[in-house]
């Protein structure tokens, strides 16, 4: 409770700022920290699109602040945007196959 009231309002929280940036930008992030463990940031904007001018962005944020539109969360009626994930071995193998095409080859 103290964290929500004091820390988030008066002390900069870089992770919360990054999550807000993801949401405003309408970009989700999938991070694997280990072979089968990682994080998912659900960066969904409740406004439908992130490609707006500054005036519309301010209006959208004001509507969000007034709770006149849906939340940012993954599920309806939820504001949960960050999740710890565990992936199984077949998923990780498929992920590695997809990444092979994007890895820079080292030509020594």
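Can you pull out the residues in region 59-84 that are part of a strand (DSSP E or B) and surrounded by 13 or more Cβ atoms within 10 Å (Cβ to Cβ)? Outline the logic, then answer.
Initial filter on region 59-84 (part of a strand (DSSP E or B)): 82-84.
Within region 59-84, just 82 meets the criteria.
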Output for region 20-49, where each listed residue is surrounded by fewer than 15 Cβ atoms within 10 Å (Cβ to Cβ), out of contact with any strand residue (DSSP E or B) (no Cβ under 8 Å at 6 or more places or on another chain) and either on the phi > 0 side of the Ramachandran plot or not in a loop (DSSP other than H, G, I, E, B) (or both): 21, 25, 48
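Go through 108, 88 for me and flag whichever is at pLDDT 85 or above, surrounded by fewer than 13 Cβ atoms within 10 Å (Cβ to Cβ) and over 19 Å from the mean Cα position of the chain (by Cα). Can you show your working first?
Values: 108 fails: at pLDDT 85 or above.
Only one candidate qualifies: 88.
The values are calculated or read from the model by the stated rules, or taken from the named source; none is laboratory data. Predicted model, so just to flag it, every value in this text is computed and none were measured. Using ideal geometry, Cβ is built from the backbone for each residue, glycine included, and neighbour counts are taken over all protein chains shown.
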